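See below for the structure under consideration.
Where a number appears in this text, it was derived from the coordinates with a stated rule and is not lab data. Keep in mind it's a predicted model, so treat the numbers as computed, not measured.
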Amino acid sequence: MTAPLVLLHGVGLDRTMWEPFVEQIGTSCIALDLPGHGSRPPLRRPQTLRTLAEDVLARLPEGRVRLVGFSLGALIGQHLARFAPERIASLVCVSSVCRRTPEEAARVEERLRLAEADFPGSAEASIERWYPAGTSVPRDVVDATRATLLSCDVESYLHAYTVFARGDREIGPELEGIRIPVLAITGERDPGSTPEMSRRLGAAIPDCEVRIVPGARHMLPVEDTAALVAAIDEFTTRTAQKGNAHDRTS
């Protein structure tokens with residue numbers, strides 16, 4: 001029996017971001033709200049990648065799951081793959097950061113400072129970065145993303161964004177210890193979770209495929225849903241085949 005597919009969103013969003021993906025994937029999915037987001041209680045103290053991952057781990061369905069994490073959700077997925085591998089059958093890292101350079105770290109710290117000083121302004125800057133002029137994403141999807149961002153509990157957002165800004169330092173030294181199949185996929189034009197970062201994941205994790213989607217930016221699950229669905233379907237088939245081959249030789 002195929003392990004269930006569990007979806008983790010990014011910072012400032014909620015489980016509804018996965019609706020276009022769920023409609024197309026053709027299999028049952030469980031989309032969870034991250035701590036401090038959506039239906040979850042607000043965050044009232046600083047967090048680490050470990051504390052966010054432990055919260056998610058406690059809410060996973062029983063048995064092993066196939067985990068798909070977007071942005072912050074991908075960092076949480078990497079932590080779970082490293083420290084709770086008995087619960088994770090495979091991991092897809094969508095638009096994930098990885099081992100930021102000093103220059104990349106400085107840019108995300110500047111975005112954190114903007115959010116602390118002017119949350120509505122930082123939310124609009126995120127929308128402009130994710131959906132620049134000429135985007136193919138429908139206006140109602142852009143408006144829904146903006147509404148979700150602006151509805152965030154600001155303190156929760158800042159605690160979560162701090163983990164997004166610094167969590168790659170927490171998991172970066174541990175990536176070589178991930179022993180499950182991983183797919184790292186991002187958009188060719190993602191300015192924050194760049195193709196180079198996905199290639200870093202591919203170089204660090206022993207069993208990691210890398211896929212770069214032409215023309216796409218950060219919001220890959222809604223900008224090119226079909227490409228993401230196809231990549232995950234192919235990845236699932238390949239990992240199942242490898243698992244069957246291992247079973248026959250063991």
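Remarks
- When the inverse distances between all different Cα atoms of segment 5-249 are averaged and flipped, the Kirkwood radius reads 17.9 angstrom.
- Beta bridges per DSSP, both residues in segment 1-123: antiparallel share near 0 percent.
- Here is how the number arises for the chain: DSSP H runs of 4 or more residues each give -39500 (n - 2.57), the sum is divided by the residue count, and the result at 222 nm is -16000 deg cm²/dmol.
- For the chain, averaging the sequence separation of C-alpha pairs within contact (under 8 Å, six or more residues apart) and dividing by the residue count gives a relative contact order of 23 percent.
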